[in-house]
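Below is one structure; the comments refer to it alone.
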Amino acid sequence: MSEAVSTETVNTEAFWVGTIVDWLVENASLRKERIDLKRRFTQEPYNLSAVRVLTMMDELVALHNARSGAKRVLSQNWRLAHRNDTVGDFIAAFVSLLCPDDRGAATDNGVSPASPVLQSRQGRTHNQRVEALRADPGGDWKPVDLEIIASQYAMKFRKITGTHEVFLHPSVPHCVTIPLKVKIRPPHVRAFVAMIDEMDEAAR
């Protein structure tokens, strides 16, 4: 894992999302575009052993401790409770554990944190992620960036024919489609952000 990170950046959602995705790219020998947040670590395309997943948790905590000066140790209950998570669920649980200021209080007792959907609607970090899309629709965004937000909003998303991905939510009558094999263009990003705005409006 990369060591070129300042202490101040460690306890942020963006840092841990990027770190976990980078870990998967390196250890599962995948391109970033193939990261699927709805799949478990032990399933395709990762095919990691349960032992390797537990090792990943230890490596992540060791990085946190080295950068923050903390001495956190994951309880065995927490490790076992989350070893079979999907990648998206694990990211939400791990971020909630290490970043309580951004994602709400969490305890290291093996109990899953509160719904990421509720946390994301109230949390500063998630809003910043959406606002980053809004402010820079022409940025170098990857499908996984949108999938992370979609998971937090309980949006459904699926790949079709291997070339596109569709995002849906029951509160919005239309869907948003993005390409998988070419750069995501500003109109795709704007449509995705507009869909989230519609979801927020419907939830009020």
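The values are calculated or read from the model by the stated rules, or taken from the named source; none is laboratory data. Predicted model, so just to flag it, every value in this text is computed and none were measured. Using ideal geometry, Cβ is built from the backbone for each residue, glycine included, and neighbour counts are taken over all protein chains shown. Only protein heavy atoms, including side chains, enter the accessible area calculation; ligands, DNA and RNA are left aside. Shrake-Rupley method; radii C 1.70, N 1.55, O 1.52, S 1.80 Å.
Can you tell me the relative contact order of the range 159-204? Whole percent, Cα pairs under 8 Å, sequence separation 6 or more.
31
Not counting ligands, DNA or RNA, and with a 1.4 Å probe, what is residue 58's accessible surface area in Å² rounded to the nearest 10?
80
Go through the range 90-98 residue by residue and turn each phi into a ³J(HN,Hα) via Karplus (6.51, -1.76, 1.60, θ = phi - 60°); whole Hz please, and just put x for glycine and proline.
5, 4, 4, 5, 5, 5, 4, 5, 8
For a quick check: with amide H placed at 1.01 Å from N, whose amide H comes under 5 Å from residue 165's, ignoring anything fewer than 5 positions away on the same chain?
Under 5 Å from the amide H of residue 165 lie the amide H atoms of 160, 178, 180, each far enough along the sequence or on another chain.
Which lysines, if any, have their Cα less than 18 Å from the Cα of residue 32, not counting same-chain residues under 8 positions apart?
Output for residue 32: 142, 159, 181, 183.
Order these peptides, 129-135, 45-51, by their mean beta-carbon neighbour count within 10 angstrom, highest first.
Packing order, densest peptide first, comes out as 129-135, 45-51.
Could you check how much of the accessible area of the range 126-204 is carbon and sulfur, as a whole percent, using a 1.4 Å probe?
57
Just need the Rg to Rh number for the range 8-80, please, alpha carbons only, Kirkwood Rh.
Here Rg/Rh amounts to 0.98.
Quick one: net charge around residue 156, please, counting Lys, Arg +1 and Asp, Glu -1 for every other residue with C-beta under 14 Å from its C-beta.
Charge balance near residue 156 sits at 0.
Please turn the phi angles of the range 148-153 into ³J(HN,Hα) values with the Karplus equation 6.51 cos²θ - 1.76 cosθ + 1.60 (θ = phi - 60°), one per residue in order, whole Hz, x for glycine and proline.
Karplus-based 3J(HN,Hα) across the range 148-153 equals 4, 5, 4, 5, 5, 9 Hz.
If you add up the charges near residue 181, with Lys and Arg at +1 and Asp and Glu at -1, over every other residue whose beta carbon is less than 12 angstrom from its beta carbon, what do you get?
Once positives and negatives cancel, what remains is +3.
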